[in-house]
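> What follows is a structure written as structure tokens; I'll ask about it next.
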Amino acid sequence: MISFISGTVAAYGADYVIVENHGIGWQIAYAHPEDLSLNREIRIYTYMHITENDTSLYGFPSQEEKDLFLRLISVKGLGPKTAMNMLAKAGYAAIVTAIEEGNVAALKKMPGIGAKSAGQIVLDLKGKVVPVPGNTQKASVQYPPEIRDALEGLKNFGYKAGELNAVGNVLLEKPGLKTEEYIKIGLQYLLRKSGG
């Protein structure tokens, strides 16, 4: 099984990325095209889904998001395409929060999720998903000090935990920068997300 692929972004679209690795272009279903730019070095955590008629690679910016995806597709009746659509439209933080709070109404608003699926997700996954980094203890385990300080700085601009979680994943892909540089990258990312 392929755990992750590191390489250069050769092309991407609304729901996929092609990563070039040693002369091979891997086409991977990907929920976050807004994170991508051509020729950038990237590491994508992958899951290979094999059926009778198809073999697909699904990709994620972090191991946490991949783990959540695997939890979601373990729910009866919930396939990888629906799980990817949930991650693309709602994002990691919103999904985890809805599951942990047992918020069936919030889950029902996500693409491809009806009342029955939403109830099943809560029943199967509540208490089993990775919590959203919100408290300092969790954040300190996950992020280096410069990224942690940058996220604190962005929080002061009024951004919410869910938005900052996505930013944290982006910043982790750029190791070794200073806090100010991380804040700048985070702001650019958040402005792009909001269409600014």
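The values are calculated or read from the model by the stated rules, or taken from the named source; none is laboratory data. Keep in mind the model is a prediction, meaning the values are calculated, not measured. Methodologically, a virtual Cβ is constructed for each residue, glycine included, from the backbone with ideal geometry; neighbour enumeration extends over all protein chains shown.
> Are any residues in region 57-89 surrounded by 21 or more Cβ atoms within 10 Å (Cβ to Cβ) and either part of a helix (DSSP H, G or I) or without any contact (Cβ under 8 Å) to a residue 24 or more places away in the chain (or both), and if so, which ones? Quick ask: steps written out before the conclusion?
Step one: of region 57-89, the residues surrounded by 21 or more Cβ atoms within 10 Å (Cβ to Cβ) are 58-62, 64-65, 68-69, 72, 83-84, 86-87.
Across region 57-89, the qualifying residues are Glu64, Glu65, Leu68, Phe69, Leu72, Ala83, Met84, Met86, Leu87.
> Test Met1 against the criterion of being among the aliphatic types (A, V, I, L, M) and modelled with pLDDT under 90, and give yes or no.
On the way: among the aliphatic types (A, V, I, L, M): yes; modelled with pLDDT under 90: yes.
Yes, satisfied.
Yes or no, residue by residue, for (1) buried (at least 19 other Cβ atoms within 10 Å of the Cβ); (2) more than 14 Å from the chain's Cα centre (by Cα); (3) modelled with pLDDT of 95 or more:
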site	(1), (2), (3)
Thr8	no, yes, yes
Ala11	no, yes, yes
Asn21	no, yes, yes
Trp26	no, yes, yes
Pro33	no, no, no
Ser37	no, yes, no
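> Hey, can you tell me all the residues within region 2-46 that are touching a Lys or Arg at 6+ places or on another chain (Cβ under 7 Å), of a type outside the set (Ser, Thr, Tyr) and part of a strand (DSSP E or B)?
Phe4, Val9 - these are the residues of region 2-46 that are touching a Lys or Arg at 6+ places or on another chain (Cβ under 7 Å), of a type outside the set (Ser, Thr, Tyr) and part of a strand (DSSP E or B).
> Give me the residue from region 99-120 that is of a type in the set (A, V, I, L, M) and outside any loop (DSSP other than H, G, I, E, B) and, out of that set, surrounded by the fewest Cβ atoms within 10 Å (Cβ to Cβ). Talk me through it step by step, then tell me what you get.
Taking region 99-120 first, the residues of a type in the set (A, V, I, L, M) are 99, 104-107, 110, 113, 115, 118.
Imposing the further condition that a residue be outside any loop (DSSP other than H, G, I, E, B) reduces the set to 99, 104-107, 115, 118.
Details: Ile99: 24, Val104: 18, Ala105: 9, Ala106: 17, Leu107: 23, Ala115: 11, Ala118: 21.
The residue in question is Ala105.
> Still on this structure, please answer the following. Could you look through region 40-54, keep only residues that are modelled with pLDDT under 95 and among the polar types (S, T, N, Q), and pick out the one that is farthest from Ile73 (Cα to Cα)?
The extreme case among them is Asn53.
> With the condition kept exactly as written, say whether any residue in region 75-90 is charged (D, E, K, R), under 13 Å from the mean Cα position of the chain (by Cα) and under 28 Å from Ser117 (Cα atoms). It would help to see each step written out before you state the result.
Filtering region 75-90 for residues charged (D, E, K, R) gives 76, 81, 89.
Retained after the next criterion (residues that are under 13 Å from the mean Cα position of the chain (by Cα)): 89.
If we keep only those that are under 28 Å from Ser117 (Cα atoms) as well, we get 89.
Within region 75-90 (the criterion being charged (D, E, K, R), under 13 Å from the mean Cα position of the chain (by Cα) and under 28 Å from Ser117 (Cα atoms)), the answer is yes, since at least one residue qualifies.
> If Gly23 satisfies all but one of (1) touching a helix residue (DSSP H, G or I) at 6+ places or on another chain (Cβ under 9 Å); (2) farther than 22 Å from Tyr189 by Cβ, what's the number of the condition it fails?
Result: Gly23 fails condition (1) only.
> Any chance you could count how many residues in region 130-145 are crowded, with 18+ Cβ neighbours inside 10 Å and at pLDDT 80 or above?
Residues that pass the stated criteria total 0.
> Here's a follow-up. Report every pair of residues separated by at least 6 positions or lying on different chains whose Cβ atoms are under 7 Å apart, first residue within region 168-184 and under 17 Å from Ser6 (Cβ atoms) and basic (Lys, Arg), second surrounded by fewer than 20 Cβ atoms within 10 Å (Cβ to Cβ) and at pLDDT 80 or above.
Correct list of pairs: Lys174/Ile185.
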